[in-house]
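Note sheet for the following structure.
The values are calculated or read from the model by the stated rules, or taken from the named source; none is laboratory data. On a predicted model such as this, the values are computed, not experimentally measured, just so you know. Reconstructed Cβ throughout: ideal geometry from the backbone, glycine too, with neighbour counts over all protein chains shown. SASA here: full protein model, heavy atoms, side chains in, ligands and nucleic acids out. Shrake-Rupley method; radii C 1.70, N 1.55, O 1.52, S 1.80 Å.
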Amino acid sequence: MNALTAANGVSGAAARRWAGDGASRIPFWAYTDPEIYRRELERFFYGRGHWCYVALEAELPNAGDYKLSRVGERSVIVVRARDGGFHVVENRCTHRGVRFCQTPRGNARAFVCPYHQWTYKLNGDLAGLPFRHGVKKGDEVQGGMPADFDPRQHGLTKLKVETYHGLVFASFDPAALPLAEYFGPAVTPWLDRIFKGRKLTILGTNRQRIPGNWKLMMENIKDPYHPGLLHTWFVTFGLWRADQQSRMVMDDAGRHAVMISQRNQGGEAKAVTEGVTSFKKDMTLHDPRLLDVVVEPWWNGPTVTMITLFPSVIIQQQVNSLSTRHILPAGPDSFDFVWTHFGFADDSAEMTRRRLRQANLFGPAGFVSADDGEVIEFSQAGFRQAGAGETVCELDGRGVAPTPHMVTETLIRGMYAYWRKVMEL
């Protein structure tokens with residue numbers, strides 16, 4: 001019995017089954033156990049070797065602009081430095097541990113804790129504190145910090161920061177690899193395709209809390225099996241379904257992935273719509289502008305790329321709609337999900353309206369994405385029921401490899417092969 005199964009009190013038979021099935025069977029306790037969740041936070045969000053998405057550069061255009069973000073459950077402040085770079089510091093005063101910044105966004109010259117007014121520079125250095133040298137009363141000085149108090153030792157926790165074509169990432173690991181190496185050569189061309197050489201504009205944000213384990217959203221966007229079955233919009237209007245030209249890409253570690261496909265005309269096709277209850281042959285749009293798709297030259301073929309950068313972000317291109325989707329764990333049974341919809345600075349007003357209209361497919365109440373939030377809640381409820389169990393991820397076999405089609409669960413197996421490796425160190 002290995003450390004994970006022993007920690008969860010599962011039977012010897014279950015332990016052997018978990019050990020023997022690689023990453024194609026995931027025990028339900030991997031989604032529900034608080035101890036496993038705490039270990040995930042330490043290994044993937046706070047520990048060695050991982051980068052977490054925190055912002056888009058375009059959200060913070062001016063010096064002193066800041067926004068609150070999270071790495072795992074730890075609140076951090078992302079701030080634009082005066083030299084145009086970025087700092088990411090933990091939102092926790094080094095004096096008494098106060099989460100001092102409560103405003104989600106703003107502009108600041110410094111950060112001040114309201115409790116005792118310890119003041120920090122934008123880079124997290126301690127700039128000053130009241131009564132450090134005491135209070136003079138007559139010839140006597142009362143109080144004050146000890147003579148050996150060194151402000152340099154009491155700055156905010158500083159995270160390592162790196163940007164990649166307008167995406168801002170942070171890590172608690174000062175020795176984390178450069179981002180391009182972390183993403184790997186199979187994934188970076190798909191990031192470059194969207195972001196390289198382009199200035200972004202922010203179109204809006206959505207936020208929701210989903211009552212499910214954070215990994216389920218990573219799975220969902222590594223799962224090409226479900227879109228043409230769960231989502232009426234995708235299968236009926238040809239946005240994503242199994243008869244399309246597609247391929248699945250992953251990095252060498254199996255943690256990051258790209259689902260790539262090219263839209264067809266939709267409609268009835270026996271191989272992929274017969275018996276599929278979500279397919280609605282006679283469904284039409286009251287407002288056809290929702291699918292007023294205009295091919296953009298940078299697509300070079302694919303109409304959809306769904307990029308999962310483990311552990312914290314999904315980057316979506318679905319026809320003309322573009323967004324980041326930020327995963328923020330909030331316990332073993334829930335996570336916050338923040339959508340940031342964006343376009344490009346050289347977009348015409350018409351293209352901006354098109355991107356906004358198509359964004360109605362996505363977000364908390366999106367015509368497509370509402371399905372995902374609901375089915376994740378249903379999954380978590382099933383995991384919580386009494387009795388042992390495990391998921392089955394064996395479509396297209398039990399191995400892990402890129403594929404030239406979407407009838408596969410290989411990307412999920414790749415993620416869990418990596419998950420097990422890191423969790424069992």
Test: residue in the stretch 265-279 that is touching a residue at least 40 places away in the same chain (Cβ under 8 Å), open to solvent by 40 Å² or more (accessible area, probe 1.4 Å) and assigned to a loop (DSSP other than H, G, I, E, B): no
Of all residues in the stretch 19-33 being modelled with pLDDT under 55 and assigned to a helix (DSSP H, G or I), the one that is nearest to ALA330 (Cα to Cα): ALA19
Residue tally, condition surrounded by 21 or more Cβ atoms within 10 Å (Cβ to Cβ) and of a type in the set (Gly, Ala, Ser), over the stretch 316-342: 2
Checking THR340 against (1) without any contact (Cβ under 8 Å) to a residue 40 or more places away in the chain; (2) closer than 23 Å to ALA170 by Cα, the condition it does not meet: (1)
Test: residue in the stretch 305-315 that is open to solvent by 10 Å² or more (accessible area, probe 1.4 Å) and of a type outside the set (Phe, Trp, Tyr): yes
Qualifying position, being farther than 21 Å from GLY197 by Cβ, under 13 Å from the mean Cα position of the chain (by Cα) and touching a residue at least 60 places away in the same chain (Cβ under 8 Å), among PRO364, PRO329: PRO329
Filtered residues of the stretch 294-313 (kept if aliphatic (A, V, I, L, M), in contact (Cβ under 8 Å) with a residue 60 or more places away in the chain and within 17 Å of TRP240 (Cα to Cα)): VAL294, VAL304, MET306, ILE307
Residue check, GLY143 in contact with a Phe, Trp or Tyr (Cβ under 8 Å, 6 or more places away or on another chain), without any contact (Cβ under 8 Å) to a residue 40 or more places away in the chain, surrounded by fewer than 16 Cβ atoms within 10 Å (Cβ to Cβ) and of a type in the set (Gly, Ala, Ser): yes
The stretch 368-394: number of residues that are surrounded by fewer than 17 Cβ atoms within 10 Å (Cβ to Cβ) and in a loop (DSSP other than H, G, I, E, B): 6
Residue list for the stretch 141-157, filter: of a type in the set (S, T, N, Q) and modelled with pLDDT under 95: GLN142
Residue within the stretch 360-378 that is of a type in the set (D, E, K, R) and closer than 13 Å to GLU219 by Cα present: yes
Every pair of residues 6+ apart whose Cβ atoms lie under 7 Å, when the first sits in the stretch 119-139 and is closer than 21 Å to ALA63 by Cβ and open to solvent by 30 Å² or more (accessible area, probe 1.4 Å) while the second is among the charged types (D, E, K, R) and at pLDDT 95 or above: ALA127/LYS121
Checking ARG105 against (1) modelled with pLDDT under 95; (2) open to solvent by 30 Å² or more (accessible area, probe 1.4 Å), the condition it does not meet: (1)
